[in-house]
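The values are calculated or read from the model by the stated rules, or taken from the named source; none is laboratory data. What you see is a predicted model; the values in this text were computed from it and never measured. Heads up, the Cβs are rebuilt from the backbone with ideal geometry, glycines too, and the neighbour counts pull from every protein chain shown. What goes into the accessible areas is simple: the full protein's heavy atoms, side chains included, and nothing from ligands, DNA or RNA. Shrake-Rupley method; radii C 1.70, N 1.55, O 1.52, S 1.80 Å.
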Amino acid sequence: MDSTDLARAEHSARLRYEWARVRRSLIGFAPILIVVGVAVAIGRHRTATVCFGLATFVAGVAMLWYGREFKRAVLPGVAAGIVPLAMALCASHVEHGCTGDGCMMLCVPACTVGGIIAGLAVANIANERGRSVWFWVSASSIALLTGAMGCTCPGYPGLVGLVLGYGAGLVPTLLRRLFARPPAS
Amino acid sequence: MKNEREEEIDALMARLADGDRSVFSLVFKRLWGPTHRLCNSMLKNEADASDAAQQAMQKILERASDYDPKRRAMPWALALAAWECRTLRRRRGRRREEPEDIAGETASESSEEDFLQRDLAQAALVALGELSDVDRETLVATFWEEAATVSGATLRKRRERAIERLRGAFRRLYGFD
(Lines give C-alpha, C1' and ligand atoms only; values in the text may rest on other atoms or scores of the structure.)
Protein backbone atom coordinates (compact mmCIF):
# COMPACT_ATOMS: atom_id res chain seq x y z
CA MET A 1 0.00 0.00 0.00
CA ASP A 2 1.59 3.32 -1.05
CA SER A 3 1.81 6.44 1.10
CA THR A 4 -1.15 8.15 -0.63
CA ASP A 5 -3.44 5.21 0.12
CA LEU A 6 -2.14 5.14 3.68
CA ALA A 7 -2.81 8.86 4.11
CA ARG A 8 -6.31 8.35 2.74
CA ALA A 9 -6.87 5.42 5.10
CA GLU A 10 -5.67 7.50 8.04
CA HIS A 11 -7.95 10.39 7.06
CA SER A 12 -10.92 8.04 6.79
CA ALA A 13 -10.08 6.49 10.17
CA ARG A 14 -9.82 9.96 11.71
CA LEU A 15 -13.32 10.86 10.45
CA ARG A 16 -14.72 7.62 11.91
CA TYR A 17 -12.97 8.41 15.21
CA GLU A 18 -14.50 11.89 15.38
CA TRP A 19 -17.99 10.72 14.40
CA ALA A 20 -17.83 7.98 17.01
CA ARG A 21 -16.92 10.58 19.64
CA VAL A 22 -19.83 12.80 18.56
CA ARG A 23 -22.28 9.85 18.76
CA ARG A 24 -20.90 8.84 22.13
CA SER A 25 -21.25 12.42 23.44
CA LEU A 26 -24.82 12.78 22.20
CA ILE A 27 -25.87 9.52 23.80
CA GLY A 28 -23.85 10.15 26.95
CA PHE A 29 -25.29 13.58 27.58
CA ALA A 30 -28.87 12.82 26.46
CA PRO A 31 -30.10 12.26 30.05
CA ILE A 32 -29.69 16.01 30.68
CA LEU A 33 -32.71 16.47 28.42
CA ILE A 34 -34.81 14.89 31.18
CA VAL A 35 -33.62 17.63 33.53
CA VAL A 36 -34.40 20.22 30.87
CA GLY A 37 -37.86 18.73 30.40
CA VAL A 38 -38.59 18.88 34.12
CA ALA A 39 -37.32 22.49 34.33
CA VAL A 40 -39.50 23.50 31.36
CA ALA A 41 -42.55 21.75 32.83
CA ILE A 42 -42.14 23.34 36.26
CA GLY A 43 -40.53 26.68 35.39
CA ARG A 44 -42.29 29.96 34.69
CA HIS A 45 -40.31 31.34 31.78
CA ARG A 46 -40.45 28.38 29.45
CA THR A 47 -38.74 30.01 26.47
CA ALA A 48 -35.74 31.13 28.49
CA THR A 49 -35.56 27.73 30.19
CA VAL A 50 -35.57 25.97 26.80
CA CYS A 51 -32.84 28.29 25.54
CA PHE A 52 -30.61 27.67 28.55
CA GLY A 53 -31.42 23.97 28.39
CA LEU A 54 -30.38 23.73 24.75
CA ALA A 55 -27.25 25.76 25.47
CA THR A 56 -26.41 23.35 28.32
CA PHE A 57 -26.94 20.35 26.04
CA VAL A 58 -24.82 21.77 23.22
CA ALA A 59 -22.05 22.86 25.60
CA GLY A 60 -22.03 19.48 27.35
CA VAL A 61 -21.93 17.52 24.08
CA ALA A 62 -19.13 19.72 22.76
CA MET A 63 -17.10 19.24 25.94
CA LEU A 64 -17.61 15.48 25.97
CA TRP A 65 -16.68 15.29 22.28
CA TYR A 66 -13.51 17.34 22.77
CA GLY A 67 -12.42 15.24 25.73
CA ARG A 68 -9.61 15.75 28.21
CA GLU A 69 -10.21 18.34 30.97
CA PHE A 70 -13.41 19.54 29.32
CA LYS A 71 -14.90 16.06 29.43
CA ARG A 72 -13.95 15.63 33.08
CA ALA A 73 -15.68 18.93 33.95
CA VAL A 74 -19.11 17.97 32.60
CA LEU A 75 -20.40 15.71 35.35
CA PRO A 76 -19.19 17.89 38.27
CA GLY A 77 -20.56 20.97 36.48
CA VAL A 78 -24.00 19.44 35.97
CA ALA A 79 -24.13 18.08 39.53
CA ALA A 80 -23.19 21.50 40.93
CA GLY A 81 -25.65 23.33 38.65
CA ILE A 82 -28.56 21.13 39.70
CA VAL A 83 -28.40 22.65 43.20
CA PRO A 84 -29.41 26.23 42.23
CA LEU A 85 -31.79 24.79 39.61
CA ALA A 86 -33.63 22.67 42.16
CA MET A 87 -33.65 25.42 44.80
CA ALA A 88 -35.02 27.99 42.36
CA LEU A 89 -37.70 25.66 41.00
CA CYS A 90 -38.80 24.73 44.53
CA ALA A 91 -38.78 28.38 45.66
CA SER A 92 -40.94 29.45 42.74
CA HIS A 93 -43.59 26.92 43.79
CA VAL A 94 -43.66 27.82 47.48
CA GLU A 95 -46.53 30.13 48.42
CA HIS A 96 -44.87 33.37 49.37
CA GLY A 97 -47.03 36.07 47.86
CA CYS A 98 -44.52 37.01 45.19
CA THR A 99 -45.79 37.96 41.80
CA GLY A 100 -44.10 39.01 38.57
CA ASP A 101 -40.42 39.24 37.80
CA GLY A 102 -37.80 40.34 40.24
CA CYS A 103 -39.29 38.47 43.15
CA MET A 104 -36.82 39.10 45.94
CA MET A 105 -38.43 37.09 48.73
CA LEU A 106 -37.49 33.52 47.88
CA CYS A 107 -36.53 33.00 44.25
CA VAL A 108 -33.54 35.37 44.06
CA PRO A 109 -32.08 34.27 47.43
CA ALA A 110 -32.58 30.64 46.36
CA CYS A 111 -30.59 31.30 43.18
CA THR A 112 -27.88 33.16 45.11
CA VAL A 113 -27.49 30.51 47.82
CA GLY A 114 -27.67 27.75 45.20
CA GLY A 115 -24.97 29.56 43.25
CA ILE A 116 -22.73 29.76 46.33
CA ILE A 117 -23.12 26.02 46.96
CA ALA A 118 -22.42 25.26 43.30
CA GLY A 119 -19.32 27.46 43.30
CA LEU A 120 -18.00 25.87 46.48
CA ALA A 121 -18.59 22.39 45.04
CA VAL A 122 -16.82 23.05 41.74
CA ALA A 123 -13.92 24.84 43.43
CA ASN A 124 -13.49 22.03 45.92
CA ILE A 125 -13.46 19.32 43.27
CA ALA A 126 -11.11 21.27 41.00
CA ASN A 127 -8.72 22.02 43.84
CA GLU A 128 -8.68 18.50 45.35
CA ARG A 129 -8.07 16.85 41.99
CA GLY A 130 -5.49 19.42 40.88
CA ARG A 131 -7.42 20.30 37.73
CA SER A 132 -6.32 22.86 35.18
CA VAL A 133 -7.89 26.25 34.51
CA TRP A 134 -9.84 24.69 31.63
CA PHE A 135 -11.59 22.42 34.10
CA TRP A 136 -12.59 25.43 36.21
CA VAL A 137 -13.89 27.28 33.15
CA SER A 138 -15.77 24.28 31.70
CA ALA A 139 -17.32 23.14 34.96
CA SER A 140 -18.35 26.70 35.78
CA SER A 141 -19.98 27.16 32.36
CA ILE A 142 -21.97 23.96 32.65
CA ALA A 143 -22.93 24.69 36.28
CA LEU A 144 -24.14 28.20 35.47
CA LEU A 145 -26.06 27.11 32.36
CA THR A 146 -27.72 24.29 34.31
CA GLY A 147 -28.61 26.58 37.22
CA ALA A 148 -29.84 29.27 34.87
CA MET A 149 -32.64 26.98 33.66
CA GLY A 150 -34.29 27.39 37.07
CA CYS A 151 -33.13 30.91 37.88
CA THR A 152 -35.12 32.43 35.04
CA CYS A 153 -38.15 32.18 37.34
CA PRO A 154 -37.57 35.58 38.93
CA GLY A 155 -36.17 36.96 35.67
CA TYR A 156 -32.81 38.74 35.35
CA PRO A 157 -32.28 39.28 39.10
CA GLY A 158 -32.31 35.51 39.51
CA LEU A 159 -29.58 35.07 36.94
CA VAL A 160 -27.50 37.88 38.46
CA GLY A 161 -27.93 36.30 41.90
CA LEU A 162 -26.82 32.94 40.53
CA VAL A 163 -23.66 34.36 38.93
CA LEU A 164 -22.73 36.48 41.96
CA GLY A 165 -23.40 33.59 44.33
CA TYR A 166 -21.34 31.23 42.17
CA GLY A 167 -18.46 33.69 42.09
CA ALA A 168 -18.65 34.07 45.86
CA GLY A 169 -18.52 30.29 46.19
CA LEU A 170 -15.29 30.14 44.20
CA VAL A 171 -13.54 32.85 46.23
CA PRO A 172 -12.46 30.87 49.35
CA THR A 173 -10.74 28.17 47.33
CA LEU A 174 -9.18 30.68 44.95
CA LEU A 175 -7.81 32.65 47.89
CA ARG A 176 -6.49 29.45 49.46
CA ARG A 177 -4.65 28.66 46.25
CA LEU A 178 -3.37 32.19 45.89
CA PHE A 179 -1.97 32.40 49.40
CA ALA A 180 -0.93 28.75 49.71
CA ARG A 181 2.60 28.40 51.04
CA PRO A 182 4.97 26.87 48.47
CA PRO A 183 6.32 23.45 49.55
CA ALA A 184 9.56 23.65 51.55
CA SER A 185 12.58 22.99 49.30
CA MET B 1 12.31 -3.58 24.33
CA LYS B 2 9.02 -5.32 23.57
CA ASN B 3 7.65 -4.29 26.98
CA GLU B 4 8.59 -0.67 26.30
CA ARG B 5 6.85 -0.81 22.94
CA GLU B 6 3.74 -2.34 24.49
CA GLU B 7 3.71 0.27 27.22
CA GLU B 8 4.14 3.00 24.66
CA ILE B 9 1.17 1.86 22.55
CA ASP B 10 -0.95 1.43 25.71
CA ALA B 11 -0.13 5.00 26.77
CA LEU B 12 -0.78 6.40 23.29
CA MET B 13 -4.11 4.60 23.00
CA ALA B 14 -5.15 5.87 26.44
CA ARG B 15 -4.34 9.43 25.38
CA LEU B 16 -6.30 9.01 22.16
CA ALA B 17 -9.26 7.60 24.11
CA ASP B 18 -9.09 10.68 26.31
CA GLY B 19 -9.32 12.95 23.25
CA ASP B 20 -5.67 13.84 22.63
CA ARG B 21 -5.76 14.07 18.83
CA SER B 22 -2.06 14.94 18.61
CA VAL B 23 -1.22 11.21 18.95
CA PHE B 24 -3.66 10.02 16.27
CA SER B 25 -1.11 9.69 13.48
CA LEU B 26 1.37 8.00 15.80
CA VAL B 27 -1.23 5.45 16.93
CA PHE B 28 -2.22 4.82 13.32
CA LYS B 29 1.40 4.21 12.26
CA ARG B 30 2.15 1.99 15.30
CA LEU B 31 -0.92 -0.17 14.70
CA TRP B 32 -0.86 -0.30 10.90
CA GLY B 33 2.20 -2.55 10.57
CA PRO B 34 1.12 -5.33 12.98
CA THR B 35 -2.49 -5.14 11.75
CA HIS B 36 -1.47 -5.43 8.10
CA ARG B 37 0.91 -8.30 8.84
CA LEU B 38 -1.79 -10.14 10.78
CA CYS B 39 -4.29 -9.72 7.94
CA ASN B 40 -1.67 -10.91 5.46
CA SER B 41 -0.96 -14.02 7.50
CA MET B 42 -4.68 -14.79 7.90
CA LEU B 43 -5.83 -14.04 4.35
CA LYS B 44 -2.71 -14.97 2.35
CA ASN B 45 -3.64 -12.41 -0.29
CA GLU B 46 -2.22 -8.88 -0.48
CA ALA B 47 -5.35 -7.22 -1.91
CA ASP B 48 -7.69 -8.80 0.65
CA ALA B 49 -5.19 -8.15 3.44
CA SER B 50 -5.00 -4.45 2.55
CA ASP B 51 -8.80 -4.19 2.47
CA ALA B 52 -9.16 -6.01 5.76
CA ALA B 53 -6.37 -4.00 7.40
CA GLN B 54 -7.95 -0.71 6.31
CA GLN B 55 -11.35 -1.76 7.61
CA ALA B 56 -9.77 -3.05 10.80
CA MET B 57 -7.91 0.23 11.39
CA GLN B 58 -11.12 2.16 10.87
CA LYS B 59 -12.93 -0.05 13.33
CA ILE B 60 -10.09 0.11 15.87
CA LEU B 61 -9.89 3.88 15.73
CA GLU B 62 -13.66 4.25 15.69
CA ARG B 63 -13.68 2.38 18.99
CA ALA B 64 -10.59 4.12 20.36
CA SER B 65 -12.74 6.21 22.73
CA ASP B 66 -14.06 2.96 24.24
CA TYR B 67 -10.55 1.68 24.95
CA ASP B 68 -10.10 0.69 28.59
CA PRO B 69 -6.61 1.74 29.77
CA LYS B 70 -6.58 -1.22 32.18
CA ARG B 71 -6.34 -3.58 29.19
CA ARG B 72 -3.42 -3.95 26.79
CA ALA B 73 -3.96 -2.09 23.54
CA MET B 74 -2.24 -4.38 21.04
CA PRO B 75 -4.20 -7.60 21.82
CA TRP B 76 -7.38 -5.55 21.78
CA ALA B 77 -6.54 -4.02 18.39
CA LEU B 78 -5.36 -7.32 16.88
CA ALA B 79 -8.49 -9.11 18.09
CA LEU B 80 -10.55 -6.54 16.17
CA ALA B 81 -8.32 -7.00 13.14
CA ALA B 82 -8.65 -10.80 13.31
CA TRP B 83 -12.42 -10.44 13.47
CA GLU B 84 -12.38 -8.21 10.37
CA CYS B 85 -10.28 -10.79 8.53
CA ARG B 86 -12.73 -13.56 9.39
CA THR B 87 -15.64 -11.35 8.34
CA LEU B 88 -13.98 -10.57 5.03
CA ARG B 89 -13.17 -14.21 4.44
CA ARG B 90 -16.78 -15.21 5.10
CA ARG B 91 -18.04 -12.42 2.87
CA ARG B 92 -15.74 -13.27 0.00
CA GLY B 93 -16.52 -16.94 0.53
CA ARG B 94 -13.78 -18.40 -1.50
CA ARG B 95 -10.95 -20.76 -0.68
CA ARG B 96 -7.55 -19.37 -1.49
CA GLU B 97 -4.72 -21.61 -2.47
CA GLU B 98 -1.45 -20.57 -1.07
CA PRO B 99 0.46 -18.83 -3.90
CA GLU B 100 3.94 -20.15 -4.73
CA ASP B 101 5.68 -16.95 -3.70
CA ILE B 102 4.16 -16.98 -0.19
CA ALA B 103 4.96 -20.65 0.41
CA GLY B 104 8.63 -19.78 0.64
CA GLU B 105 8.02 -17.01 3.17
CA THR B 106 6.06 -19.16 5.62
CA ALA B 107 9.19 -21.12 6.43
CA SER B 108 10.82 -18.14 8.13
CA GLU B 109 8.59 -16.86 10.96
CA SER B 110 9.81 -13.42 11.99
CA SER B 111 9.87 -12.38 15.63
CA GLU B 112 7.12 -9.87 14.70
CA GLU B 113 4.92 -12.80 13.64
CA ASP B 114 5.56 -14.45 17.02
CA PHE B 115 4.71 -11.16 18.72
CA LEU B 116 1.39 -10.97 16.85
CA GLN B 117 0.52 -14.59 17.54
CA ARG B 118 1.38 -14.10 21.20
CA ASP B 119 -0.92 -11.10 21.44
CA LEU B 120 -3.76 -12.98 19.75
CA ALA B 121 -3.25 -15.96 22.03
CA GLN B 122 -3.30 -13.63 25.01
CA ALA B 123 -6.54 -12.05 23.80
CA ALA B 124 -8.05 -15.54 23.49
CA LEU B 125 -6.82 -16.52 26.94
CA VAL B 126 -8.28 -13.37 28.49
CA ALA B 127 -11.64 -14.23 26.92
CA LEU B 128 -11.28 -17.81 28.16
CA GLY B 129 -10.61 -16.46 31.62
CA GLU B 130 -14.03 -14.81 31.63
CA LEU B 131 -15.74 -18.19 31.44
CA SER B 132 -16.74 -20.52 34.25
CA ASP B 133 -14.60 -23.54 35.24
CA VAL B 134 -17.04 -25.90 33.57
CA ASP B 135 -16.93 -23.99 30.27
CA ARG B 136 -13.13 -23.83 30.35
CA GLU B 137 -12.84 -27.55 31.05
CA THR B 138 -15.25 -28.31 28.21
CA LEU B 139 -13.31 -26.16 25.72
CA VAL B 140 -9.96 -27.61 26.78
CA ALA B 141 -11.40 -31.11 26.37
CA THR B 142 -12.70 -30.20 22.93
CA PHE B 143 -9.73 -28.38 21.44
CA TRP B 144 -6.85 -30.05 23.25
CA GLU B 145 -8.48 -33.50 23.13
CA GLU B 146 -8.04 -34.06 26.83
CA ALA B 147 -10.34 -36.29 28.84
CA ALA B 148 -13.52 -34.58 30.00
CA THR B 149 -15.59 -35.51 33.03
CA VAL B 150 -18.61 -36.04 30.81
CA SER B 151 -19.05 -37.43 27.31
CA GLY B 152 -21.58 -37.89 24.52
CA ALA B 153 -24.62 -35.65 24.32
CA THR B 154 -23.83 -33.86 27.61
CA LEU B 155 -20.37 -32.89 26.34
CA ARG B 156 -21.81 -31.73 23.01
CA LYS B 157 -24.39 -29.53 24.71
CA ARG B 158 -21.80 -28.07 27.09
CA ARG B 159 -19.44 -27.45 24.16
CA GLU B 160 -22.13 -25.51 22.25
CA ARG B 161 -22.93 -23.35 25.27
CA ALA B 162 -19.24 -22.80 26.10
CA ILE B 163 -18.44 -21.68 22.53
CA GLU B 164 -21.43 -19.32 22.59
CA ARG B 165 -20.27 -17.86 25.89
CA LEU B 166 -16.72 -17.54 24.55
CA ARG B 167 -18.08 -15.57 21.57
CA GLY B 168 -20.02 -13.37 23.97
CA ALA B 169 -16.87 -12.79 26.06
CA PHE B 170 -14.95 -11.78 22.93
CA ARG B 171 -17.70 -9.31 22.01
CA ARG B 172 -17.77 -7.84 25.50
CA LEU B 173 -14.01 -7.53 25.81
CA TYR B 174 -13.11 -6.35 22.35
CA GLY B 175 -16.35 -4.59 21.51
CA PHE B 176 -17.09 -5.93 18.08
CA ASP B 177 -20.35 -7.35 16.74
Self-check item: B:ARG136-B:SER22 FRET efficiency (beta carbon distance; Förster radius 51 Å; 0.05 resolution)
Solution: 0.75
Quiz prompt | Accessible area per residue in Å² at 1.4 Å probe, computed on the protein assembly as shown | solution = 54 Å²
Quiz item: Top to bottom by accessible area (1.4 Å), largest first, where do B:ARG165, B:ARG63, A:ARG72 land?
Solution: B:ARG165, A:ARG72, B:ARG63
Practice problem: Could you tell me which of rounded, prolate or oblate describes chain A, using a ≥ b ≥ c as the square roots of the eigenvalues of the alpha-carbon gyration tensor, with rounded for a/c under 1.5 and, failing that, prolate when a/b is larger than b/c and oblate otherwise? | Solution: oblate
Quiz item: Roughly how big is the A-B contact, given as buried accessible area in Å² (both sides, 1.4 Å probe, nearest 100)?
Solution: 2000 Å²
Quiz item: Given charges of +1 on the Cβ of Lys and Arg and -1 on the Cβ of Asp and Glu, with all other atoms neutral, how large is the dipole of the stretch B:39-98 about its Cα centre, in debye to the nearest 20?
Solution: 300 debye
Practice problem: Any chance you could look up the accessible area of B:SER41 with a 1.4 Å probe, heavy atoms only, rounded to 10 Å²? | Solution: 30 Å²
Quiz item: Which percent of the accessible area of the stretch A:1-157 is formed by carbon and sulfur heavy atoms (probe 1.4 angstrom)?
Solution: 70 percent
Quiz item: For the stretch A:1-75, what's the radius of gyration and Dmax over Cα atoms, in angstrom?
Solution: 17.6, 63
Quiz item: Taking the highest mean first, how do the peptides A:51-57, A:126-132 order by number of other beta carbon atoms within 10 angstrom per residue?
Solution: A:51-57, A:126-132
Quiz item: Over the C-alpha atoms of the protein assembly as shown, what are the Rg and the largest Cα-to-Cα span, Dmax, in Å?
Solution: 28.0, 92
Practice problem: Using a 1.4 Å probe and ignoring any ligands, DNA or RNA, find the accessible area of B:GLU62 and quote it in Å² to the nearest 10. | Solution: 40 Å²
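Using unit Cβ charges (K, R positive; D, E negative) and no other charged atoms, how large, in debye to the nearest 20, is the dipole of the protein assembly as shown about its Cα centre?
It works out to roughly 1040 debye.
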Quiz item: Per residue Cα convex hull volume for the stretch A:33-99, in cubic angstrom?
Solution: 75 Å³
Quiz prompt | Cβ neighbours within 10 Å from other chains - mean over A:138-147 | solution = 0
Quiz item: What is the Cα centroid distance between the stretch A:1-42 and the stretch A:127-185, reported in whole angstrom?
Solution: 28 Å
Practice problem: As a check on your grasp of the helix formula, calculate [θ] at 222 nm for chain A: sum -39500 (n - 2.57) over DSSP H runs of n ≥ 4, divide by the residue count, round to the nearest 500. | Solution: -27000 deg cm²/dmol
Self-check item: Protection proxy ranking of B:32-40, A:141-149, A:26-34, B:46-54 - average other beta-carbon atoms within 10 Å, highest first
Solution: A:141-149, B:32-40, B:46-54, A:26-34
Quiz prompt | Accessible surface of A:VAL171 - all protein chains present, 1.4 Å probe, nearest 10 Å² | solution = 70 Å²
Quiz item: Going toward the positive end of the dipole of the protein assembly as shown, with +1 on Lys and Arg Cβ and -1 on Asp and Glu Cβ, which of A:THR56, A:CYS111, B:THR87 do you reach last?
Solution: A:CYS111
Self-check item: Inter-chain Cβ neighbour average for residues A:6-14, partner chain, 10 Å
Solution: 6
Quiz item: Ignoring ligands, DNA and RNA, how do A:PHE179, B:PHE24 rank by accessible area with a 1.4 Å probe, largest first?
Solution: A:PHE179, B:PHE24
Practice problem: Specify the angular offset, from 0 to 90 degrees and rounded to the nearest 10, of the alpha carbon long axis of helix A:133-148 from the longest principal axis of the alpha carbons in chain A. | Solution: 50 degrees
Quiz item: What is the magnitude of the charge dipole of chain A about its Cα centre, with +1 placed on the Cβ of each Lys and Arg, -1 on the Cβ of each Asp and Glu, and no other charges, expressed in debye to the nearest 20?
Solution: 420 debye
Quiz item: Which parts of the stretch B:41-55, residue by residue, lose 40 Å² or more of accessible area when the rest of the protein chains are there, as against the chain isolated (1.4 Å probe)?
Solution: B:GLN54
